[in-house]
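In what follows, a single structure is set out as structure tokens and then discussed.
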Amino acid sequence: MMEYKIALLEGDGIGPEVVAEAVKVLLAVEKKFGVRFNFEKALIGGCAYDEYKTPLPQQTIDICKASDAVILGAVGDWKYDMLPPDVRPEKALLGIRKALNLFANLRPAIVYDELSSSSTLKSEVVSGVDIMIVRELTGDVYFGTPRGIEVVNGEKVGYNNMIYKESEIERIAHVAFQTAMKRNKKLCSVDKANVLDVSRLWREVMERVAKSYPEVTLSHMYVDNAAMQLIRDPKQFDVIVTGNIFGDILSDEASMLVGSLGMLASASLSDGKIGMYEPIHGSAPDLRGKDVVNPIATILSAAMMMKYSFSRSDIYDSIDNAVKLVLSEGYRTQDIYTDAVQKLVGTAKMGDLIAEKVIA
Ligand code: IPM
Ligand code: MG
């Protein structure tokens with residue numbers, strides 16, 4: 001029997017609630033597919049700070065490194081807003097990405113037919129959208145140095161460094177082209193090469209790597225135009241590759257095509273063995289403990305784990321189908337509830353329903 005060791009980093013806010021539903025679905029996967037998961041929890045974010053005075057304890061990194069994959073809920077809570085930047089919960093998220101070398105972040109934005117009326121955009125614009133955003137995750141202005149705030153000529157100056165090495169662009173380019181090869185062989189690289197030097201290098205490297213993938217059609221788009229095109233005609237996109245900060249912004253934008261942040265899963269991959277899987281939404285501390293948030297993003301992240309870490313596309317499909325079935329039966333959490341004929345359910349009930357369909 002295949003056994004997988006999974007680190008569970010529940011984090012803060014609604015993190016534990018959504019991770020619990022992903023675990024529920026994975027327990028259904030155990031029954032149905034005869035695999036075995038060994039879960040180990042570790043603290044990250046504000047809850048880790050409360051316990052160890054650091055949001056990312058070394059033992060959390062060690063537990064992740066000793067696992068086959070990591071499932072993460074979310075980090076952050078307003079109650080930590082006054083902490084110095086170095087020990088903020090968000091720092092832990094960046095820290096774990098870096099520690100595990102998770103440079104490739106895959107963020108699919110798929111509009112399920114059942115939800116095409118949940119988007120604020122017209123359903124004819126969004127129905128059928130299936131975009132994969134490949135976001136570089138361990139470089140860019142997020143990690144560049146020098147950075148800081150200091151006093152220059154009597155006033156404060158804040159600065160960060162948007163920086164990419166050729167090797168960093170190259171490896172994300174390969175992930176993007178390989179992703180495109182498995183889909184419709186269409187890749188759009190998003191940058192700001194009309195203004196930024198770092199983007200000119202990005203574009204140059206993308207063109208170079210493209211030579212190894214002659215079947216893929218590569219196009220380039222400036223990020224401001226891409227933000228506009230995503231809303232105007234999202235179906236023109238298949239795979240998008242971009243840097244860390246542009247990818248952060250465009251993936252939140254893409255979530256609104258789908259209707260809710262609560263639907264968007266992600267995979268963060270390295271060239272080694274560990275992948276980390278997390279919903280793209282945050283910790284929503286105001287909703288904690290109310291059993292109202294949508295667990296589907298985390299459940300689909302667990303599905304992505306089966307596909308990308310364990311090469312079990314069959315299990316991915318089974319979970320994905322279970323989600324579609326439950327939606328087609330009219331069950332909705334509050335974030336995707338649009339119509340009185342639908343059945344409003346809470347977080348735990350949504351997890352139960354999806355788990356039942358996986359086993360059925
Ligand atoms: C995301 C989040 C994080 C990011 C924050 C919480 C640091 O917005 O995963 O998209 O900016 O990467
Ligand atoms: Mg973000």
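In table form, for the structure just shown:
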item: Relative contact order (%) - criterion: Cα under 8 Å, at least six apart; region: the chain; result: 22
item: Nitroxide proxy distance, nm - points 7 Å out along Cα→Cβ at V341 and D81; result: 4.2
item: Relative contact order, percent, the range 120-258 [alpha-carbon distance under 8 Å, six or more residues apart]; result: 37
item: Cβ-based charge dipole, the range 219-350, positive-most Cα from L261, M221, V241; result: L261
item: Separation between Cα centres of the range 302-323 and the range 1-59, rounded to whole Å; result: 17
item: Peptides ranked, highest mean first, by Cβ atoms within 10 Å: ranges 245-252, 178-185; result: 245-252, 178-185
item: Added length on full extension, which subtracts the Cα-Cα distance from 0.36 nm per residue, D233 to E155; result: 23.7 nm
item: Cβ-based charge dipole, the range 48-107, positive-most Cα from Y80, C64, F103; result: F103
item: Carbon and sulfur %, accessible surface of the range 120-258 computed with the full protein complex present, 1.4 Å; result: 52
item: Relative packing of peptides 229-238, 92-101 - highest average C-beta neighbours within 10 Å first; result: 92-101, 229-238
item: Extension gain from D286 to S219, taking 0.36 nm per residue of separation minus the Cα-Cα distance; result: 20.0 nm
item: Hits among aspartates and glutamates - C-alpha to C-alpha of K182 under 12 Å, sequence gap 8 or more where chains match; result: E215, D238
item: Label-point gap, in nm, between N321 and K122 - each point 7 angstrom along Cα→Cβ; result: 3.5
item: Cross-link reach list, aspartates and glutamates versus K211, counting only Cα pairs under 17 Å and skipping chain neighbours closer than eight places; result: E166, E170
item: Estimated dipole of the range 205-360 in Debye, rounded to 20 [Cβ of Lys and Arg +1, of Asp and Glu -1, Cα centre]; result: 220
item: Using a Förster distance of 51 Å, the FRET efficiency for D62-D197 (Cβ separation, nearest 0.05); result: 0.85
item: Extension gain, M181 back to A348 (0.36 nm per residue minus Cα-Cα distance, nm); result: 56.4 nm
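The values are calculated or read from the model by the stated rules, or taken from the named source; none is laboratory data. Quantities reported herein were computed from a predicted structural model and do not represent experimental measurements. Ideal geometry is used to build each Cβ from the backbone, glycine not excepted, and the neighbour counts take in all protein chains shown. Note: accessible area is taken over every heavy atom of the protein model, side chains too, but ligands, DNA and RNA are not part of it. Shrake-Rupley method; radii C 1.70, N 1.55, O 1.52, S 1.80 Å.
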